[in-house]
Amino acid sequence: DAKTTQPNSMESNEEEPVHLPCNHSTISGTDYIHWYRQLPSQGPEYVIHGLTSNVNNRMASLAIAEDRKSSTLILHRATLRDAAVYYCILRAVSGNTPLVFGKGTRLSVIA
Amino acid sequence: DAMVIQNPRYQVTQFGKPVTLSCSQTLNHNVMYWYQQKSSQAPKLLFHYYDKDFNNEADTPDNFQSRRPNTSFCFLDIRSPGLGDAAMYLCATSRGGTGTEAFFGQGTRLTVV
C-alpha cells in the first residue's frame, strides 16, 4: 500500500491560514489523495480529495504537487472549530480499495 | 439527520461475554466499514463489505466477526471481549469507487469490565 507521511502536530493562530503537508513519494498514477479530519469525540469526516489538479470546496483547498509526491491541505482561515486530527490517505482507483488511516497531524488552533 | 447511525453510543460488557455492536445507514451505500480506534491512535480498519463481499484485514483477530444481513445494516460481533478490546468502534459507509467520500457514524465506545 502507498504510504503517507505527515507531521505529528501543528499549531496555528485563529483566523490565520493553515497549510498541512503530506508526503506520498510512492504514490502510483491511479491513487487518489483524500483528506479526512476527526474532531474531538467524533467520527472522522471527509474534507476533500483530488487526483492531479488542485481542488477547492467550502471546507478547504487541496494543492497537489506536479509530480504528485506531495500535497498540501489549506485551511484559509483557521477557527477554533478546526482543531482536529487531519489524515491524508491514498486510495487506488480500483473499486474495492478500503479507506486506511495513517497517523495524521494534530492541529491546534490558538485564539 | 444522521445518515450513519451506531447503537449504542456507549456499551459496557463483561470480560469474555459476547457483545454485538450495530450500524445502520440511510444512504444506500454499497460499502460498509468497521474500524477500531484506541485512545490517541488512528482508526484501524477491521473489515469491510463491498456489497455482500466480505473483506477481512489480515491482522484482524478471529475474535472479531461481522454480519451484513442487508444493505442498510451491519453488525460487529466480539465473541470473547478482552480488556484490550476496549476502544471506540467506528462504522462508515461509501458509495464504492475510491473517488467517493466515506461517511462515519459517531462511534460506539466499548468498555470491558
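Looking at B:100, B:111, B:93 in this structure, which one is of a type outside the set (A, V, I, L, M) and more than 14 Å from chain A (Cβ to nearest Cβ)?
Answer to the selection: B:111.
Every residue, every condition in (1) open to solvent by less than 70 Å² (accessible area, probe 1.4 Å); (2) touching a residue at least 12 places away in the same chain (Cβ under 8 Å); (3) part of a loop (DSSP other than H, G, I, E, B); (4) closer than 16 Å to residue B:70 by Cα, yes or no:
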residue	(1), (2), (3), (4)
B:2	yes, yes, yes, no
B:12	no, yes, no, no
B:16	yes, yes, yes, no
B:20	yes, yes, no, no
B:27	yes, yes, yes, yes
B:34	yes, yes, no, yes
B:41	no, no, yes, no
Under 8 Å between Cβ atoms, which residue pairs at least 6 apart in sequence (or on different chains) link something in the range A:75-91 that is more than 27 Å from residue A:30 (Cβ to Cβ) with a partner that is at pLDDT below 95 and exposed (fewer than 12 other Cβ atoms within 10 Å of the Cβ)?
A:80/A:111; A:83/A:40; A:84/A:40
Condition check: charged (D, E, K, R) and more than 27 Å from residue B:106 (Cα to Cα). Does residue A:11 satisfy that?
no
Every residue in the range A:24-37 that is open to solvent by 10 Å² or more (accessible area, probe 1.4 Å) and at the interface with chain B (Cβ under 8 Å from one of its Cβ atoms), please.
A:32
Give the range A:67-104 a look and list any residue that's farther than 16 Å from residue A:50 by Cα, open to solvent by less than 20 Å² (accessible area, probe 1.4 Å) and in contact with a Cys (Cβ under 8 Å, 6 or more places away or on another chain), or say none.
A:104
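The values are calculated or read from the model by the stated rules, or taken from the named source; none is laboratory data. What you are looking at is a predicted structure, and each value in this text was computed from that prediction instead of being measured. Counting neighbours? That spans all protein chains shown, and the Cβs are built from the backbone with ideal geometry, glycine included. Each accessible area value is taken on the protein alone, full model and side chains, heavy atoms only, with ligands, DNA and RNA left out. Shrake-Rupley method; radii C 1.70, N 1.55, O 1.52, S 1.80 Å.
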